[in-house]
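Just below is one structure, and these are the notes that go with it.
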Amino acid sequence: MDLAQGQRILKIRERIVSNFTHEHWQEIGLLTGFSDLINKHQRLLRSLSWGDEDYSGNVLNVLTGIASQNKKTLDVFENYLNEKFDDETHYISAKPSERKITFSPGVFEVPNTPLEPDLVAVMMPFDAALMSVYQTIQNACTHTGYRALRADNIWENSTIVQDIFSLIFRSSIVIVDFTGKNPNVMYETGIAHTLGKLVIPISQSIDDVPFDMRHHRALTYYPNTEGLQNLANSLASKLGQVSA
């Protein structure tokens, strides 16, 4: 599978995750002749029903399987999506939802840019003591085919808060480090959740993770060589599950 086809599949996956219901999957199965592959997949329709975090990865798995058997089916998917849904809509949520909302924030300007499937936004204190942690996150992302960015890596707007919002808006995944209970990180996590992003929390201490966030199974780590290697392995495993 070449690069262009891979990018095409990722864009189709993005639109499917934002829009497809069970009925759409049944219809596309009939149109492509792959109803059996869709219905017999162990997790696809089940993860859609329950809104599980692995739904996006399951969609990618099914799309890749179908395209590997018949590349022309990608044309069928694209034509179906263009017919059923507005192709001009920017889909920014990492998970499907039966209810969609339109929002108009007063503090931020909504970027006129689409989701970047390989972009991971990193929200953490801008602290020199945590630079090795950020480098660890970058390495884990690179290893699994993602790009990791912090707001201090970019300077596109006159205010840092707009750069942060734009970065989260464009990202498919947001990694947040709660170490030190930084209030900015808490605020940015709220933005990510509101935009429907897949949030992966990490922390040096579980006590730094807000109580109502602990059910998200934060990855805890020690800030030493062994601890950072373990963090890299855990993040790579989590990211691999998302993209599998």
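For the condition free of Cβ contacts under 8 Å to residues at least 40 places away in the same chain and touching a Lys or Arg at 6+ places or on another chain (Cβ under 9 Å), Ile173 does not qualify. Summed over the range 8-23, residues that are touching a Leu at 6+ places or on another chain (Cβ under 9 Å) and over 23 Å from Phe169 (Cα atoms) total 2.
Residue-by-condition table, conditions (1) free of Cβ contacts under 8 Å to residues at least 24 places away in the same chain; (2) surrounded by 15 or more Cβ atoms within 10 Å (Cβ to Cβ):
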residue	(1), (2)
Gln7	yes, no
Glu14	no, yes
Leu30	yes, no
Asn39	yes, no
Ser49	no, no
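Any read-out appearing in this document is the output of simple, stated calculations on the displayed coordinates, not a laboratory observation. What you see is a predicted model; the values in this text were computed from it and never measured. Using ideal geometry, Cβ is built from the backbone for each residue, glycine included, and neighbour counts are taken over all protein chains shown.
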